[in-house]
Every structure is written in C-alpha cells, then in structure tokens.
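Here is the structure we will look at.
The values are calculated or read from the model by the stated rules, or taken from the named source; none is laboratory data. None of the values given here were measured: they were computed from a predicted structure. Cβ atoms come from the backbone with ideal geometry, glycine included; neighbour counts cover every protein chain shown.
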Amino acid sequence: MIVVMGAPGHVGSKTADLLLRRGQEVRVFEHHRSLKELRERGAEVVTGDARNLEDLRKLFQEADAALVLVPEDVTDARFAATRSAIARTLAEALREQPVRHVVVLSAAGVDRGDVAGPPVGLRELERRLFELEDSHVLALRSALYMDYLLAGLPLIRSRRVNGSAVDGDLRLPMIATRDVAREAADRLARRDFTGHQGKLLLGPEDVSMREATHLIGSILGLTGVSYVQLPPGDVKDALLDGGMSDEAASLLVEMQLAVNDGRPFAGVRRTSEATRPTRLEEFLRGALSADGSDQAEAERGVRR
C-alpha cells in the first residue's frame, strides 16, 4: 500500500494518478476537497485532518511507502504555526506507525541556513522526518513550480500585465509539477532509497519572470503583455485582496525578496541527475490549451 497526501493538489494528484495507472494499491488523504474520482478508480480514501494524530495513524497503518507534505492554507491567520504543528504531528504519527519508505515534498534551498518564507516550514519538516529511525526518507527539493505562474493569468488577461516583488530579469530554475510527480511515483514504487537524503529537482532551463510573462502573452495571442517588479508593500496588498492571510502574504513576499538576494538558489547546479525534461513553453502550451486542466486548478488557488 502506498499513501499519497495532497491528492487534490498539483503534485499529489499526479502522483496518485501515475501509481493507479501502474496498478499500485493507493491510499489517499481527503481533507477539504472530495477525492471521489480517485475512489472510483480504486484508491482507498481516508478522511481526516493533518493536524490530528489519530487520523494520521489511520492513514499510515500497514503502508509500505508514503508521499508526505505540509498542506498550504494561505487563508490561515496562523499560517506558520499551523504548518509547524502539522510537521510535528506527521513525525509523531510516523514514529508510532512507521512507514519504511517516505518521500517528502520539499523545496530547493531548504538545506541552507538562510532559508526564508514558507520554505522555513519545509526545513522543519525535513529535520523532524530525518530524525525517524525506522524510516528511509527521501526529500524531493524542487525548484519553483512552473504551475505557480498560472496564478497571474487573470491579471494578464484583464490588464496585460504581470507582477511580483521578484526582479523581472533574474533567471530562475523552474520545474513542472508533472516531473516532480513522476519522480515521486517512481521512487515510491521502487522504494530504492535508504537512509535520510535530499534530492534536487530542476527543469531543463532557467527562465526570468519577464520571459515567462512574455511567453504566456504570446501563447494567449495577447500583444503588449509586460512584467512589472512591484514594491513589496503593493505585492502584499494584492495578496491580501486575493484572500491570503496577513501572515501568509508577508511570508510569500519575504520569499520573493530572498530570491532577489540570491537565495534560495545560490550554489544550485544543474546536473543530469537533477534535471527533468519539461520546458516552460511545453508546459504552458499544455496548460493554456482549451482543455488544460492545470489552468483551472491554478486559478482556483495553488496547492501542492
């Protein structure tokens, strides 16, 4: 049995799909959003809350492998504290109900001491899971998800502009979540890792926000689409208007500013082992097609 947390999200949903297609026994964790489709395809569904130890014990019972993550509720007024509580509960559940092979969704740069923003919570999660004595743990440290770019679609369509606090000319490593999901599914099925280790995952190219914005405009057939680097205060106000809590918005802006300072990708090197194949143009053309499922998902809100 393979457990998949985050099955409603970008990576979790694709991981569960791949495993089911391969004939694996899959158990998924249902929280706020229904997993009826996965249930109909043969997945076992456990309903619960990631903050509840008993729910997680039930989720991990007799599992051979598990994909774990910290869910992101950007409307939570206690965003950081909630993520920390989930990390503690996950570690405790896996200590009491051990799973031999655990893959954890993490982010590039969390192994650095100067990590900033939401990835701080992932650093805590890694640390707690790496303390488990009865589990082999593999942390997938991914670059920025290409899927996050789709959150700018409403503004691009309505005003032909995109913006954030990130320097528009700074070239950044990005990766498609389908490539992360493929890695997760492969490792969960093979269970070929031992000890506690991290694995960097990057797409095949570095792309700036300005380049990405122009590419989106071109694919949509829009002329004059531009990218604007916004003051941090304006970015936070926009995030608050979009429904984020004050704490979540502040942490996201903090992360964008850290990117401008050279974090979290300082020292990151693209190797054949770390590089995955999907280029940004390929991803965007698929996501922005008439039936691109990623587009609708992103416009509802980014989830892992």
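Overview of results
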item: Residue 85 being among the small types (Gly, Ala, Ser) and free of Cβ contacts under 8 Å to residues at least 60 places away in the same chain; result: yes
item: Answer from 77, 66 - the residue that is among the aliphatic types (A, V, I, L, M) and under 19 Å from the mean Cα position of the chain (by Cα); result: 66
item: Residue match in region 104-118 (condition: under 30 Å from residue 259 (Cβ atoms), surrounded by fewer than 18 Cβ atoms within 10 Å (Cβ to Cβ) and not acidic (Asp, Glu)); result: yes
item: Pairs, first within 15 Å of residue 198 (Cα to Cα) and among the hydroxyl-bearing types (Ser, Thr, Tyr) in region 261-275, second part of a loop (DSSP other than H, G, I, E, B) and at pLDDT 85 or above, C-beta under 8 Å, six or more apart; result: 275/203; 275/204
item: In region 220-236, residue nearest to residue 288 (Cα to Cα) [restricted to those that are surrounded by 14 or more Cβ atoms within 10 Å (Cβ to Cβ) and touching a Ser or Thr at 6+ places or on another chain (Cβ under 9 Å)]; result: 225
item: 2 or more residues buried (at least 19 other Cβ atoms within 10 Å of the Cβ): qualifying strands (runs of 3 or more DSSP E) within region 1-92; result: 2-4, 26-30, 65-68
item: Residues located in region 158-176, provided they are surrounded by fewer than 15 Cβ atoms within 10 Å (Cβ to Cβ) and either of a type in the set (Ser, Thr, Tyr) or within 16 Å of residue 238 (Cβ to Cβ) (or both); result: 158, 159
item: Members of region 257-291 found to be part of a helix (DSSP H, G or I) and either closer than 24 Å to residue 114 by Cα or not aliphatic (A, V, I, L, M) (or both), listed by number; result: 257, 258, 259, 260, 281, 282, 283, 285, 286
item: Residue satisfying all of: in region 89-111; touching a Gly at 6+ places or on another chain (Cβ under 8 Å) and not aliphatic (A, V, I, L, M); nearest to residue 11 (Cα to Cα) among these; result: 106
item: Test: residue in region 113-122 that is among the β-branched types (Val, Ile, Thr) and either without any contact (Cβ under 8 Å) to a residue 24 or more places away in the chain or over 19 Å from residue 8 (Cα atoms) (or both); result: yes
item: Selected residue [within 17 Å of the chain's Cα centre (by Cα), under 26 Å from residue 201 (Cβ atoms) and not charged (D, E, K, R)] from 26, 104; result: 104
